[in-house]
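Some notes on the structure that comes next.
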Amino acid sequence: MPPSAPHPEVPPHTPVLAGVGEASERIGEPGYQRRSPADLAAAAALAAVAETGADPAAVTAAIGTVAGVRQFEISVPGVSSPLGRSSNYPRSVAARIGARPGRAILEVSGGQSPQHLVSDMAAAIAAGASGTVLITGSE
């Protein structure tokens, strides 16, 4: 078999998934803390930052955009938020992990919103309009 051809250089604005994180807790389980949606999202974000394998402070400092999936509690008028409600969910998550993004996005309501954010943020990165982006969601 002939040797494989060298891989072409990856264009500098190619979107790359660098880290994924998850956080959850259940009522009645040991360690249940009654964390708010922003607290859960921050815990997941810190896990994603750690998964990159890079210096966590450098990754967090590089986050230029935080995009959040809208929670049920802030989408429906009159619904209570027993674990707390943020007035600016993406910025609340960013503050909890020490990020200072120049841009914060709160997605519109709907089941399509997670994929819509992934597609829009990937397009923004590919176009050179965004660099490091944190996409988050929590209930």
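The values are calculated or read from the model by the stated rules, or taken from the named source; none is laboratory data. This one's a predicted model, so the numbers in the text were calculated from it and none came from an experiment. Cβ atoms come from the backbone with ideal geometry, glycine included; neighbour counts cover every protein chain shown. Quick note on the areas: whole protein, heavy atoms, side chains included, nothing else; ligands and nucleic acids left out. Shrake-Rupley method; radii C 1.70, N 1.55, O 1.52, S 1.80 Å.
Numbers for the structure displayed
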{"read-out": "All positions within the range 41-53 that are surrounded by 16 or more Cβ atoms within 10 Å (Cβ to Cβ) and either in contact with a Ser or Thr (Cβ under 8 Å, 6 or more places away or on another chain) or of a type in the set (G, A, S) (or both)", "value": "A41, A42, A43, A44, A45, A48, V49"}
{"read-out": "Some residue of the range 68-78 being within 24 Å of V16 (Cα to Cα), in contact with a helix residue (DSSP H, G or I) (Cβ under 6 Å, 6 or more places away or on another chain) and touching a residue at least 60 places away in the same chain (Cβ under 8 Å)", "value": "yes"}
{"read-out": "Within the range 102-138, considering residues that are in contact with a Lys or Arg (Cβ under 8 Å, 6 or more places away or on another chain) and without any contact (Cβ under 8 Å) to a residue 40 or more places away in the chain, the one nearest to D55 (Cα to Cα)", "value": "A104"}
{"read-out": "Hits in the range 82-99 (condition: in contact (Cβ under 8 Å) with a residue 12 or more places away in the chain and over 16 Å from G137 (Cα atoms))", "value": "G98, A99"}
{"read-out": "Residue in the range 110-127 that is charged (D, E, K, R) and over 28 Å from V10 (Cβ atoms) present", "value": "no"}
{"read-out": "Hits in the range 23-38 - residues which are more than 18 Å from I63 (Cα to Cα) and touching a residue at least 12 places away in the same chain (Cβ under 8 Å)", "value": "A23, S24, E25, R34, R35, S36, P37"}
{"read-out": "Lone qualifier among T136, T132 - being at pLDDT 95 or above, under 21 Å from V20 (Cβ atoms) and out of contact with any Ser or Thr (no Cβ under 9 Å at 6 or more places or on another chain)", "value": "T136"}
{"read-out": "Some residue of the range 54-61 being modelled with pLDDT of 95 or more, more than 12 Å from the chain's Cα centre (by Cα) and buried (at least 16 other Cβ atoms within 10 Å of the Cβ)", "value": "yes"}
{"read-out": "Matching residues, the range 62-72, being out of contact with any strand residue (DSSP E or B) (no Cβ under 9 Å at 6 or more places or on another chain) and surrounded by fewer than 17 Cβ atoms within 10 Å (Cβ to Cβ)", "value": "F72"}
{"read-out": "Candidate set from the range 97-139 (those that are farther than 27 Å from R34 by Cα and of a type in the set (S, T, N, Q)); member that is least open to solvent (accessible area, probe 1.4 Å)", "value": "S130"}
